[in-house]
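Undergrad: Structure incoming, see below.
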């Protein structure tokens, strides 16, 4: 390559990471001139939303910050408010909260490992290709994820944005038998997670960049005297003299900075250099930091497993965060099994308390790292100030630092190779599913339909509290009132879209959803379309045609690779334009509900008599 040429490498949309971001690298010869990791997702102002709201509303509001880590936001919120009000919950409630956290770690980690990050190591482009080439591992991952989701559903009331969490405990407790029904799935998931860790450990891992070679960077996590921390502990700075401090002192050690190229604030650690001057530097939080600071609390059998698969936490290599997540999945499953085995209901679901004019602090360990909350409240329990620092903003500065070293050490690579290496490095830190993309194009061959005695399946997608997005659930309620449960299984589906695969395998399925349109003349239009190759291609060209992610087309392709497609899939769409928060549907959509109900009934008759 020309050693003197100037080049600019752009990744305009980062794939398989949370939110919207881009990367731009400018080089001249073998020198790095500039590097920017830009987060351009619009600000969401959750801290402002909380001001003036009651402490009773806060857990449900903060849960909406993230569809992948709602438990972490709820737990940080309730802990901060409880600290302000001097609330101490029972050990039984505390264990159930830990169990809820286990569910989130399980489902979040395993989804990232297999569907989002594994393609990089396997030289594949998407989860679809992984499902095609590594079907057993993908099926195992989905089963493990379902076990995690089941914990959240039973304790939280639903899989996404749980609604059973409150300050002081829970609104209601699960029955002993209901919770203990999780034992078998959890034990089976543990065996599969054990094999999954072996699988990812067989990958070829790139070497760590210079940021890790030139001395261990600050590794920030909670630490606890007796347990591997999830929602309790001191904040630990692994390589500083003042290594541990209570969460109340968090803002004495960390500062947030605004950078012009990012809507996410960068969090920096304030330390003193050799001359005693205070300086700010990036730091790492997440699974690798947790393991470094807390590996002594892992069960002996998991330590042996780490040794058998050749995973050592030292030296730190961010590319091996894939293995770290595998270890934490095993730990969360082990912990969940122990808590479930010891559970017996009969205690009070929550403790009584009185609001105080005070402030509260908390930090918990979200799957991606430390999550900090600080609330100020008045005597009525109303929030006057809220500060929330998520793991991504804490890691963003460190990601840029790592990329600078990585790019500098690999400037001899061609553009495509360097771009791929950088994207892979970014996914070491920020696993999430909201921007999963770049799926494989393929041709579908439909198998001849076989008759089945199983009732057809009607699935409604949608959030009743997002205006026209309530159309699907509204049609489903109409069907229930007419006694249509004798003709079909009716489901209001509220989990992540990949969960549809477990429901529709081999079944005649009708999917009801609001379909996004920009044209007012199309608003309220009802369509019924069979999912086939032509329709799939049309969806791919349009992008997401419903209000839900990941794209239904992507989910259908994964189910194809796993041979878990529906027998037949009909899409009943109601064109809509209004998806803001609120409980009132637009007039055209309201008028379309009866027509959509009739379309579903007619389609069901055809399916039942085919």
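Every number here is computed from the coordinates shown, using simple stated rules; none is lab data. What you are looking at is a predicted structure, and each value in this text was computed from that prediction instead of being measured. Ideal geometry is used to build each Cβ from the backbone, glycine not excepted, and the neighbour counts take in all protein chains shown.
Undergrad: If R₀ is 30 angstrom, what is the calculated FRET efficiency for the pair residue 171 and residue 409, using the beta carbon separation as r and rounding to 0.05?
TA: Working: r = 53 Å, r/R0 = 1.76.
Taking R0 as 30 Å, the efficiency between residue 171 and residue 409 is 0.05.
Undergrad: Report relative contact order for the chain in percent, whole number only (criteria: Cα-Cα under 8 Å, sequence separation at least 6).
TA: RCO, the chain: 17 percent.
Undergrad: If you don't mind, another one. Using only the Cα atoms of segment 457-609, what do you get for the radius of gyration and for Dmax, in Å?
TA: Computed over the Cα atoms of segment 457-609, radius of gyration and Dmax are 14.5, 41 Å.
Undergrad: Taking every pair of Cα atoms in segment 29-141, average 1/r, invert it to obtain the Kirkwood radius, and report Rg/Rh to two decimals.
TA: Rg divided by Rh gives 1.13.
Undergrad: Now a separate question. Enter the per residue convex hull volume of segment 328-412, computed from alpha-carbon coordinates, in Å³ rounded to the nearest integer.
TA: Values: hull volume 10.5 nm³, N = 85.
Output value, Cα hull per residue: 123 Å³.
Undergrad: Moving on to the next point. So if R0 is 60 Å, what FRET efficiency would residue 532 and residue 277 give, r being the distance between their Cβ atoms, rounded to the nearest 0.05? If you can, show how the numbers build up before the last one.
TA: Working: r = 67 Å, r/R0 = 1.12.
Plugging the Cβ-Cβ distance into 1/(1 + (r/R0)^6) gives 0.35.
Undergrad: So how tilted is helix 552-561 from the main axis of the chain? Cα-based, degrees 0 to 90, rounded to 10.
TA: 90 degrees
Undergrad: 7 Å from Cα along Cα→Cβ at both residue 251 and residue 90: what's the point-to-point distance in nm?
TA: So the two model labels end up 3.5 nm from each other.
Undergrad: Give the angle, between 0 and 90 degrees and rounded to the nearest 10, that separates the Cα long axis of helix 91-111 from the longest principal axis of the Cα atoms of the chain.
TA: 80 degrees
Undergrad: Within segment 457-609, what percent of beta bridges assigned by DSSP are antiparallel, to the nearest 5?
TA: Of all bridge pairs located within segment 457-609, approximately 25 percent are antiparallel.
Undergrad: Figure the gain on full extension for residue 595 and residue 226 (residue separation times 0.36 nm, minus the Cα-Cα span) and round it to one decimal in nm.
TA: Stretched out fully, the residue 595 to residue 226 stretch lengthens by 126.8 nm.
Undergrad: Would you mind telling me the antiparallel percentage of the DSSP bridges in the chain, rounded to 5?
TA: Looking only at bridges with both residues in the chain, the antiparallel portion is about 70 percent.
Undergrad: With an 8 Å Cα cut-off and a minimum separation of 6 or more residues, compute the relative contact order for segment 457-609 in percent. Present the calculation step by step, with values, prior to reporting the outcome.
TA: Details: 281 pairs, mean separation 55.7, N = 153.
The value is 36 percent.
Undergrad: Next question. Please compute P(r) over all alpha-carbon pairs of segment 105-208, binned at 10 Å starting from zero, and give each bin as a whole-number percent.
TA: Binned Cα distances yield the sequence 14, 39, 27, 15, 5.
Undergrad: Could you order peptides 66-77, 374-385, 454-465 by the average number of other Cβ atoms within 10 Å of their residues, highest first?
TA: Going from most to least packed, we get 66-77, 454-465, 374-385.
Undergrad: Helix 587-609: angle to the longest alpha-carbon principal axis of the chain, degrees 0 to 90, nearest 10?
TA: 70 degrees
Undergrad: State log₁₀ I(q)/I(0) for the chain at q = 0.05 Å⁻¹ as given by the Debye formula over alpha-carbon point scatterers of equal weight, solvent excluded.
TA: -0.23
Undergrad: May I pose another question? Between residue 54 and residue 354, what FRET efficiency comes out of the Förster formula 1/(1 + (r/R0)^6) with R0 = 22 Å and r the beta carbon distance, rounded to 0.05?
TA: After rounding to 0.05, the efficiency reads 0.95.
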